[in-house]
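**Student:** Can you read through this structure? Questions will come right after.
The values are calculated or read from the model by the stated rules, or taken from the named source; none is laboratory data. Nothing here was measured: the structure is a model prediction, and the numbers come from that model. Note that we place each Cβ from the backbone using ideal geometry, even for glycine, and neighbour counts take in every protein chain shown.
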Amino acid sequence: WQMVLDTNTVENVLSLPEFERFARPFFPQNPTEPAIVIPFSTRINFGSNFFGRELATGDSAYNSTNFATKIRSVGVWFEGYENAGLADDPQVYLVPVGQDILRSPTGLAGEIRSFTLLDQVLPVPFPVGPTIQNDPDWLPSDQLTGSFGNIRRYSSFKAFPDSGDFEPDETTTNSRLIGRSVWNTRWVLIIPAGTMLNDRDEALRRFKENVTDILIFFQTYAYSGNK
């Protein structure tokens, strides 16, 4: 497990393409900000667990008879974190950077539908007055108050030490994740070292030596289809 964490440690998360494109950055920043970045994929297939492996004792899986299973809230827990001597409020990013996958809502053969989703900003239009209306060269894009099509980024949210009992208050209804499919071809879980200690290297060392597992929970809603 420590080797997995070592392998997924990056020297500077600020230069990570997924962070640059999809994450709202924290401030202030050091020139380099180390982090643990764990990529993974999810599946909803009969006989497989949530991560696409063969279903085994104690595994979790979603219902493949629903054509869509979507996120209502999310939570992240670290097993062993309470013994690590780290800050009480670690913040993490959980970002779907791959394709959302659904099944066909009408077919009975389990056909797959893949969607590349970009949550983009629509700038607020400038008020149109008589002067603009009488200008034959006026274009609506000339008066936009922001850039068209910018990606709306994901904020971090608080992770918790795993107590062994599920606590609904330890989940977050992150507006960027609500409505996204839990089945995605690529997620990234980003754990910035500076959110656990000011001494980034010491934070990573303590985390790797004490945290024995990372738990992710989705509260979901589903649609059966076949209407």
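**Student:** Could you say whether any residue in segment 48-62 is among the hydroxyl-bearing types (Ser, Thr, Tyr) and either out of contact with any strand residue (DSSP E or B) (no Cβ under 7 Å at 6 or more places or on another chain) or free of Cβ contacts under 8 Å to residues at least 12 places away in the same chain (or both)?
**Tutor:** Within segment 48-62, one or more residues are among the hydroxyl-bearing types (Ser, Thr, Tyr) and either out of contact with any strand residue (DSSP E or B) (no Cβ under 7 Å at 6 or more places or on another chain) or free of Cβ contacts under 8 Å to residues at least 12 places away in the same chain (or both).
**Student:** Any idea how many residues of segment 164-188 are assigned to a loop (DSSP other than H, G, I, E, B), small (Gly, Ala, Ser) and in contact (Cβ under 8 Å) with a residue 60 or more places away in the chain?
**Tutor:** 1
**Student:** Answer yes or no as to whether Ser15 is among the hydroxyl-bearing types (Ser, Thr, Tyr), under 20 Å from Phe217 (Cα atoms) and modelled with pLDDT of 95 or more.
**Tutor:** So Ser15 fails the test.
**Student:** Ok, one more. Here is a list: Ala109, Ala61. Which entry is surrounded by fewer than 14 Cβ atoms within 10 Å (Cβ to Cβ), out of contact with any Asp or Glu (no Cβ under 9 Å at 6 or more places or on another chain) and either β-branched (Val, Ile, Thr) or at negative phi (or both)?
**Tutor:** After ruling out the rest, the residue left standing is Ala109.
**Student:** Follow-up question, since we're still on this one. When the residues of segment 85-127 are narrowed to those that are in contact (Cβ under 8 Å) with a residue 40 or more places away in the chain and of a type in the set (S, T, N, Q), which ends up farthest from Arg24 (Cα to Cα)?
**Tutor:** Among those residues, the one meeting the criterion is Thr106.
**Student:** Residue by residue through segment 9-29, note down the ones that are polar (S, T, N, Q) and either in contact with a Leu (Cβ under 9 Å, 6 or more places away or on another chain) or outside any loop (DSSP other than H, G, I, E, B) (or both).
**Tutor:** Passing the criteria: Thr9, Ser15, Gln29.
**Student:** Return a yes/no flag: does segment 189-212 have any residue that is among the acidic types (Asp, Glu), more than 30 Å from Gly107 (Cβ to Cβ), surrounded by 13 or more Cβ atoms within 10 Å (Cβ to Cβ) and in contact (Cβ under 8 Å) with a residue 24 or more places away in the chain.
**Tutor:** yes
**Student:** Checking the conditions here, which among Ile36, Ile44 is surrounded by 14 or more Cβ atoms within 10 Å (Cβ to Cβ), out of contact with any Cys (no Cβ under 7 Å at 6 or more places or on another chain) and not in a strand (DSSP E or B)?
**Tutor:** After applying the criteria, what remains is Ile44.
**Student:** Moving on to the next point. Check whether at least one residue in segment 165-180 is at pLDDT 95 or above and touching a Ser or Thr at 6+ places or on another chain (Cβ under 8 Å), and report yes or no.
**Tutor:** No, there is no match, as no residue in segment 165-180 is at pLDDT 95 or above and touching a Ser or Thr at 6+ places or on another chain (Cβ under 8 Å).
**Student:** Still on this structure: Considering only segment 189-216, state which residues are under 22 Å from Phe26 (Cα atoms), of a type in the set (Asp, Glu), outside any loop (DSSP other than H, G, I, E, B) and out of contact with any Pro (no Cβ under 8 Å at 6 or more places or on another chain).
**Tutor:** Within segment 189-216, Glu202 is the sole residue that qualifies.
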